[in-house]
Amino acid sequence: MEPLTSRQHSGLLTDLYELTMAAGYFQSRFNARATFELFVRKLPDERNFLVAAGLEQALHFVENIRFAAEEIEFLRHLPLFRHVHGEFFDYLARFRFTGDLWAIPEGSLVFAGEPLLRVTAPIIEGQILETCLLSAINFQTMVASRAARLNIAAKGKPVVEFGARRAHGSEAGIFAARAAWIAGCQGTSNVIAGKLFGIPTYGTQAHSWVMAYEDESQAFDRFLDVFPEQATLLLDTYNVRAALRKIIARGRKPAGVRLDSGDLAADSRWVRAQLDRVGWRDVQIFASGDLDEGRISSLLRHGAKIDAFGVGSALVAPTDARNLSMIYKLVELERDGKVREAAKLSESKSTYPGAKQVFRFANRAGKWQKDLIALASESHPTAAPLLVPVMRAGKRLGPPEPLAAARARCTESLKHLPARLLSIQHAAPYPVRYSQPLKNLLQKVRRRIQQRS
């Protein structure tokens, strides 16, 4: 993958408390091998499932994380680090990730509580990774999950990601296009994302093109002169019906027309009828303009004659589920040859201890029936384990997976999802259970902590 910025591997891409803990572990000689897990505690009400995405960027960061000399010097001069020994900064200068990673592959469908990523490494290494891992996987999983809903609502009609201008920064726009492509979108308007990831790019014209010409007909003609085979002409700058009549009168058939405002259902029906009347049945009608899965579903229910949709804000800056509340928790420590499981026990935010695996059970027809979150040491021969090893001793176990493979995985996974979950409405949750050995371990840890307190 081509680099996006000169700082994309910086060890400073983290929250300060990760580095204060790292300094504390180092200076107190707390040497332990730790296991952390990354997961979503609870699905938003607007999601029946999630689409895992962002793993490639996470792995790329982990494999290449470094602390440059000027970054270490910056840390030395922070007042908070006044009493930190110089040896810690020497350690940062040679810092590399040396641990192991297990992950659920991109494009997989996941549910609440299921670890998308498991990190086992010296505790400082695992701690420093937290912020960047959460950032990469949370954002792309959020976008991919929304994209899947949009494609479900479109009922097989293409959805193109149009969100670069609505994204919270250019890098967010790039990775939103990537995540949307994994979850089934037809392509993106984001040119750099197309180049970086091999995603098909799409573009029409803006209202400014039409407004720049005194005569709307001339604006259409000049665009067709440059793009005679692929021009998509924008109809709603002034008046949809007048614009289409001008195009038809010129006798120059465009590849498509776009509606960006107004009554999309009624206008699309009228436009389709006029195009068909003159024999232009292959001219596509493209719709955009603050679309989301609710509007797309409503348009199709009301007989809109729309062939494809462009979606921006709803993908890159969703308002229905702004955050997945993804978390990264310590679950196990090995120190001086002894293993100690860890869990958070607060009433509303408790977690399960121990390194875990997720097992997925299906019926004879291949439809998924339930998932089981279990200890990594457990065996369930009739189920498929979801977490697979992706990095060992700081090295990736294979080359980056083609993005097309993640896209195909998502497409195939949706075929196995229970039908009720293939809805943009809130459905009865998919069954996710915890194994009995895992429940027993939680009780054991709870008793141990209570006895010591």
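The values are calculated or read from the model by the stated rules, or taken from the named source; none is laboratory data. Predicted, not measured: the structure shown is a model, and the values here were computed from it. Every residue, glycine among them, receives a Cβ derived from its backbone with ideal geometry; neighbour counts consider all protein chains shown.
Given the criteria closer than 26 Å to Arg146 by Cβ and in contact with a Phe, Trp or Tyr (Cβ under 9 Å, 6 or more places away or on another chain), does Arg118 qualify?
yes
Inspect region 365-382 for any residue being acidic (Asp, Glu) and in contact (Cβ under 8 Å) with a residue 24 or more places away in the chain and give the result as yes or no.
Taking every residue of region 365-382 in turn, at least one turns out to be acidic (Asp, Glu) and in contact (Cβ under 8 Å) with a residue 24 or more places away in the chain.
Quick check on Leu234: is it at pLDDT 95 or above, under 30 Å from His302 (Cα atoms) and either surrounded by fewer than 19 Cβ atoms within 10 Å (Cβ to Cβ) or touching a His at 6+ places or on another chain (Cβ under 7 Å) (or both)?
yes
Within region 203-215, which residues are in contact with a helix residue (DSSP H, G or I) (Cβ under 9 Å, 6 or more places away or on another chain) and buried (at least 20 other Cβ atoms within 10 Å of the Cβ)?
Matches in region 203-215: Val210 only.
Across region 52-83, which residue is surrounded by the fewest Cβ atoms within 10 Å (Cβ to Cβ) among those that are in contact with a Ser or Thr (Cβ under 9 Å, 6 or more places away or on another chain) and over 19 Å from Cys132 (Cβ atoms)?
Within region 52-83, the match that is surrounded by the fewest Cβ atoms within 10 Å (Cβ to Cβ) is Leu80.
Name the residues in region 413-447 that are assigned to a helix (DSSP H, G or I) and of a type in the set (Val, Ile, Thr), would you? Outline the logic, then answer.
Let us first name the residues in region 413-447 that are assigned to a helix (DSSP H, G or I), namely 413-416, 419-421, 436-447.
Passing the criteria: only Val445.
Which ones in region 423-453 are modelled with pLDDT under 95 and either closer than 26 Å to Lys155 by Cα or aromatic (Phe, Trp, Tyr) (or both)?
The answer is Ser423, Ile424, Gln425, His426, Ala427, Ala428, Pro429.
Please report, ordered by residue number, the helices (runs of 4 or more DSSP H) entirely within region 1-93 with at least 3 residues that are outside the structural domain of Trp181 (by TED's automatic domain parsing) and among the aliphatic types (A, V, I, L, M).
Numbers: elements: 16-27, 55-64, 69-76, 86-93.
Helices (runs of 4 or more DSSP H) meeting the threshold: 16-27, 55-64, 69-76.
If Lys338 satisfies every condition in (1) free of Cβ contacts under 8 Å to residues at least 60 places away in the same chain; (2) under 24 Å from Gly156 (Cβ atoms) but one, which is the exception?
With respect to (1) free of Cβ contacts under 8 Å to residues at least 60 places away in the same chain; (2) under 24 Å from Gly156 (Cβ atoms), Lys338 is out only on (2).
Which of the following residues is closer than 25 Å to Glu46 by Cα, surrounded by 12 or more Cβ atoms within 10 Å (Cβ to Cβ) and in contact (Cβ under 8 Å) with a residue 60 or more places away in the chain: Ala308, Ala343?
Result: Ala308 is the single residue among Ala308, Ala343 that is closer than 25 Å to Glu46 by Cα, surrounded by 12 or more Cβ atoms within 10 Å (Cβ to Cβ) and in contact (Cβ under 8 Å) with a residue 60 or more places away in the chain.
Could you identify the single residue in Ser379, Ser298 that is in a loop (DSSP other than H, G, I, E, B) and among the hydroxyl-bearing types (Ser, Thr, Tyr)?
Every option except Ser379 fails the conditions.
List the number of the failed condition for Gln451; all other conditions in (1) exposed (fewer than 14 other Cβ atoms within 10 Å of the Cβ); (2) part of a helix (DSSP H, G or I); (3) within 29 Å of the chain's Cα centre (by Cα) hold.
So the condition that Gln451 fails would be (3).
Specify the residue that is surrounded by the most Cβ atoms within 10 Å (Cβ to Cβ); the eligible residues are those in region 136-152 that are of a type in the set (A, V, I, L, M, F, W, C) and out of contact with any strand residue (DSSP E or B) (no Cβ under 6 Å at 6 or more places or on another chain).
In this case the residue turns out to be Val143.
Taking Ala384, is it closer than 22 Å to Ala183 by Cα, loosely packed, with under 14 Cβ neighbours inside 10 Å, of a type in the set (A, V, I, L, M) and in contact with a strand residue (DSSP E or B) (Cβ under 8 Å, 6 or more places away or on another chain)?
yes
Could you check how many residues of region 51-105 are of a type in the set (D, E, K, R) and within 20 Å of Glu401 (Cβ to Cβ)?
Matching residues across region 51-105 total 3.
Return the residues of region 263-284 that are under 18 Å from Thr204 (Cα atoms) and surrounded by 14 or more Cβ atoms within 10 Å (Cβ to Cβ); say none if nothing qualifies. Show your work before the answer.
First pass over region 263-284, keeping only residues under 18 Å from Thr204 (Cα atoms): 264, 268, 271, 282-284.
Across region 263-284, the qualifying residues are Leu264, Ser268, Val271, Val283, Gln284.
Would you call Phe223 aromatic (Phe, Trp, Tyr), within 23 Å of Ala154 (Cα to Cα) and surrounded by 15 or more Cβ atoms within 10 Å (Cβ to Cβ)?
no
Name the pairs: first residue in region 173-186 and in contact (Cβ under 8 Å) with a residue 24 or more places away in the chain, second residue in a loop (DSSP other than H, G, I, E, B) and aromatic (Phe, Trp, Tyr), Cβ to Cβ under 8 Å, at least 6 apart or on different chains?
Gln186/Tyr202
All but one of (1) among the acidic types (Asp, Glu); (2) assigned to a strand (DSSP E or B); (3) farther than 30 Å from Ala374 by Cβ hold for Asp290, so report the exception by its number.
Here Asp290 clears every test but (2).
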